[in-house]
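To keep things clear, I will list the structure first and then write my remarks on it.
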Amino acid sequence: MPSHMDRPARASRNVAIVTGASRGIGLAVVARFVAAGWRVIGVARSPFPYDAFPWASGMVQHVQADLADPDAIAGLAGTLAATAARDGIGALVNNAGISPKAEGGRRLGVGESDPWLWRSVLGTNLVAPALLARGLAPELGRAGGAIVNITSIVGSRVHPFAGTAYAASKAGLAALTREMAHDFAPRGIRVNAVAPGEIATDILSPRTEEVLLPQIPQRRLGTPAEVAELVYWLCTPAAAYIPGTEIAINGGQHV
């Protein structure tokens, strides 16, 4: 992970809010923004691993919250806006996602997905990004900020391990990205999505490499840092004329 030495001398005072920030892609996104001099507010159900990442000291604040509860989002948005204070919210990265699986990492189909599973998955993966964006839009608009939603390759194809509810939530998030881009662009807020394929995180099922590597032209898993680099770029002026786009990062798995 980057250290403070990787930060440019002229640091931005913008704040990035990253959900699902305590591990995997979310943690890599936090590290990338910190390396660029941003202050980061992380959101996750679990605590942030400060002990393992000394670069986070003084640059990362963390809010523990369960995004599956839509009734709590308005209060969470208020807390995040107050924590950002005068710095302005330059980026909202909706990365938090849950992907329930059966024993051995087997996918959960329609017949195995009960109402509580649907409510939890859709609440976390789809409803929370919409409600957080709604609640933080004033601060994002004032800062000319960007929103990046983390979708998935499973939003456009049946996957051997990702279940029905997860796939539906990610397809919905891709559609939500377009809707948000249309609604928020006049307010100076750009909204885009990044759709990872098989990234080396603990969300992967045990047989991912055995089953899926032959389908990936680059013959390897992606890294969280590679996803984080793309997410960060979409939040910079280099991407100033790009709204409503979903960018695949999957080693060619979609071709």
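Just a few scattered comments:
- Which of 209, 198 has the fewest Cβ neighbours within 10 Å, and the rest in rising order: 209, 198
- FRET efficiency estimate (nearest 0.05) - Cβ-Cβ, residue 255 to residue 207, R0 25 angstrom: 0.65
- Within region 11-246: Cβ-based charge dipole about Cα centre, in debye rounded to nearest 20 (Lys, Arg +1; Asp, Glu -1): 380 debye
- The stretch between residue 45 and residue 219 holds 59.3 nm of extra length on full extension. This uses 0.36 nm per residue minus the Cα-Cα distance.
- Isotropically averaged projected area of region 11-246, using the convex hull of Cα atoms (one quarter of hull area), nm²: 12.6 nm²
- Residue 245-residue 179 pseudo-label distance in nm [points 7 Å out on the Cα-to-Cβ vector]: 2.3 nm
Values quoted throughout were computed directly from the atomic coordinates according to the rules given, and no laboratory measurement underlies them. Everything quoted here is computed from the prediction, not taken from an experiment. Glycine also receives a Cβ, built like all others from the backbone with ideal geometry; neighbour counts cover every protein chain displayed.
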